[in-house]
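The values are calculated or read from the model by the stated rules, or taken from the named source; none is laboratory data. Because the structure is predicted, anything quoted here is derived from the model rather than measured. Cβ placement follows ideal geometry from the backbone for every residue including glycine, while neighbour counts extend to all protein chains displayed. The area values use the complete protein model at the heavy-atom level, side chains included, leaving out ligands, DNA and RNA. Shrake-Rupley method; radii C 1.70, N 1.55, O 1.52, S 1.80 Å.
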Amino acid sequence: MDLLALRQFAVLLWKNFTLKRRKFFNLILEVVTILVFPMMLLLFRAIIEMNVTGPYNFTSQPISTLPSFLQNPEEWKLIYVPSNIHVLKEITENVKRNLNISIKVQGFSSESEFEEYVKYDYGSYKVLAAIVFDCDFKNSGDPLPLQVRKLCSILVVMKIKGQSATARPGAKFFRSQMLVKYHLRFVRIQRTILWPDRIGWKTSFLFPNYPSPGPRNPDHNDGGSPGYIREGFLAVQHALDKAIMLYHESNARQKLFDGISIFVQRFPYPAYSHDGLIWLSGSFLPLMFILMFSPTVLSIVRSIVWEKENRLKIIREPLFRYSDYSFIFIFLMCYAIASIFFAFMISTFFSKGESKTSLTELLFNGPE
């Protein structure tokens, strides 16, 4: 950078200093606004303590738990699609028998016909679930297809009659890998979810939008929202899988199911540190930064517009136009290195992470 550019930069600094000195109260307001929010964070940090929560242990739940709203099961319906295949009606009747309720069984020839029924028939409100089979049946009397068997490994909790419940990690069993493709359709808005839980099955999410450091729905042994147990999803799925297995090997499989009760249980969760400051300021932190620097931004915009109105914009434009790009790069690189060294220097003065983070933010952003 040559001498002329240095003089222009010095004149620019002197002009800004003069403008700030003439508007002393605005300068004080900008400085106070920048400092007040970090001071509030430090105050909250001193008041709000970090608590250790947990550990959590959850009780097992029977997989055949029926929804609480099935007080009069004869008023409800279990749908299967398509209805022109005899074996599917038999399977659905076995599902009803496995659920051990007097629910009505109704079939539709196609999924589109079932959707029309849901849209325009008020009686569709009493549909517990719809089982839509996606098999390549040629004739109405075709049996369920069966291919090879596949070894699966899962974590199950089994309760054998006359014995206590035992958990067997990695318990292996043979499950028929069939070409029976089906999907279950439940009501879009759950019937048992209450505020503040969000409605919907959330099938498009692998993780919550706002993950928490602790377990999800810690007050619910069944997992809470979206309610796969309390809505009857697992009960219908288990009854359907059981009906399909009994269809192929009824005698051997029936003896197996007669002696075993299947439970599901949430994994335990270890103790964790719950910081109330993060919960309190997490949603307000972006707004806080906007309010911190809004007076400075408004002051700069007002001064630039005033310069344009009075045609005083003569120095700022050519300042970086004729600057050496290597000098700008070195300047920004030195700023990045200095910021890293600053972080390491601050870390040597503190032993607690929360106080170090709050004061570092104050020292780093305060002078700006």
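Which sequence of Y228, Y120, Y182 reflects their accessible areas, 1.4 Å probe, from the largest down?
Per-residue accessible area, sorted high to low, gives Y120, Y228, Y182.
Multiply the residue gap between N310 and R21 by 0.36 nm, knock off their C-alpha separation, and tell me the result in nm, one decimal place.
Length difference between fully extended and current span is 102.0 nm.
Rounded to the nearest 0.05, what FRET efficiency is calculated for Y117 and L6 with R0 set to 51 Å and r the Cβ-Cβ distance?
So, using R0 = 51 Å, E works out to roughly 0.05.
With a 1.4 Å probe and all protein chains kept in place, how much accessible area does W306 have, in Å² rounded to the nearest 10?
130 Å²
Keeping all protein chains in the complex and leaving out DNA, RNA and ligands, what accessible area do you get for E309 with a 1.4 Å probe, in Å² to the nearest 10?
Surface open to solvent at E309 totals about 140 Å².
How large a share of the accessible area of region 1-125, in percent, is made up of carbon and sulfur atoms when the probe is 1.4 Å and the other protein chains stay in place?
Values: 4950 of 8180 Å².
Ligands and nucleic acids excluded, carbon and sulfur reach 60 percent.
May I ask you to derive the FRET efficiency for V87 and F205 from their Cβ-Cβ distance with R0 = 45 Å, giving the value to the nearest 0.05? The partial results should precede the final answer.
Numbers: r = 36 Å, r/R0 = 0.80.
After rounding, the FRET efficiency stands at 0.80.
Give me the distance in nm between label points sitting 7 Å out from Cα along the Cα-to-Cβ direction at A252 and V52, one decimal.
5.2 nm
If ligands, DNA and RNA are left out, what is the accessible area of R266 with a 1.4 Å probe, given in Å² to the nearest 10?
Surface accessible to solvent at R266 totals approximately 60 Å².
I need the peptides 219-225, 337-343, 126-132 ranked by packing, meaning the mean over residues of other C-beta atoms within 10 angstrom, with the highest value on top.
Numbers: 219-225: 16.3, 337-343: 10.6, 126-132: 20.1.
Top to bottom by mean Cβ count within 10 Å: 126-132, 219-225, 337-343.
Could you rank the peptides 235-242, 38-45 by their average count of other C-beta atoms within 10 Å per residue, with the highest value first? Write out the running numbers ahead of the final one.
Values: 235-242: 21.0, 38-45: 15.1.
Most protected by this proxy first, the peptides run 235-242, 38-45.
Of the cross-linked pairs K77/K138; K20/K308; K77/K119; K77/K255; K15/K308, which ones have a Cα-Cα span greater than 25 Å in the structure shown?
Working: K77/K138 27 Å; K20/K308 18 Å; K77/K119 16 Å; K77/K255 29 Å; K15/K308 15 Å.
Exceeds cut-off: K77/K138; K77/K255.
Over region 1-120, with the other protein chains present, what is the accessible area per residue in square angstrom, probe 1.4 angstrom?
On a per-residue basis, 65 Å².
May I ask you to compute the full-extension gain from V187 to S110, defined as 0.36 nm times their residue separation minus their alpha-carbon distance, rounded to one decimal in nm? Let's see the in-between values first.
Working: separation 77, 0.36 × 77 = 27.72 nm, distance 1.80 nm.
Taking V187 through S110 to full extension adds about 25.9 nm, to one decimal.
How much length, in nm to one decimal, is gained on full extension between F329 and A343, taken as 0.36 nm per residue of separation minus their Cα-Cα distance? It would help to have the intermediate numbers written out before the result.
Values: separation 14, 0.36 × 14 = 5.04 nm, distance 2.14 nm.
In short, 2.9 nm is gained.
Calculate I(q)/I(0) for region 1-133 by the Debye formula, one identical point scatterer on each C-alpha and no solvent, and give its log10 at q = 0.10, 0.20, 0.21 Å⁻¹ to two decimals.
So the normalised log intensities are -0.60, -1.18, -1.24.
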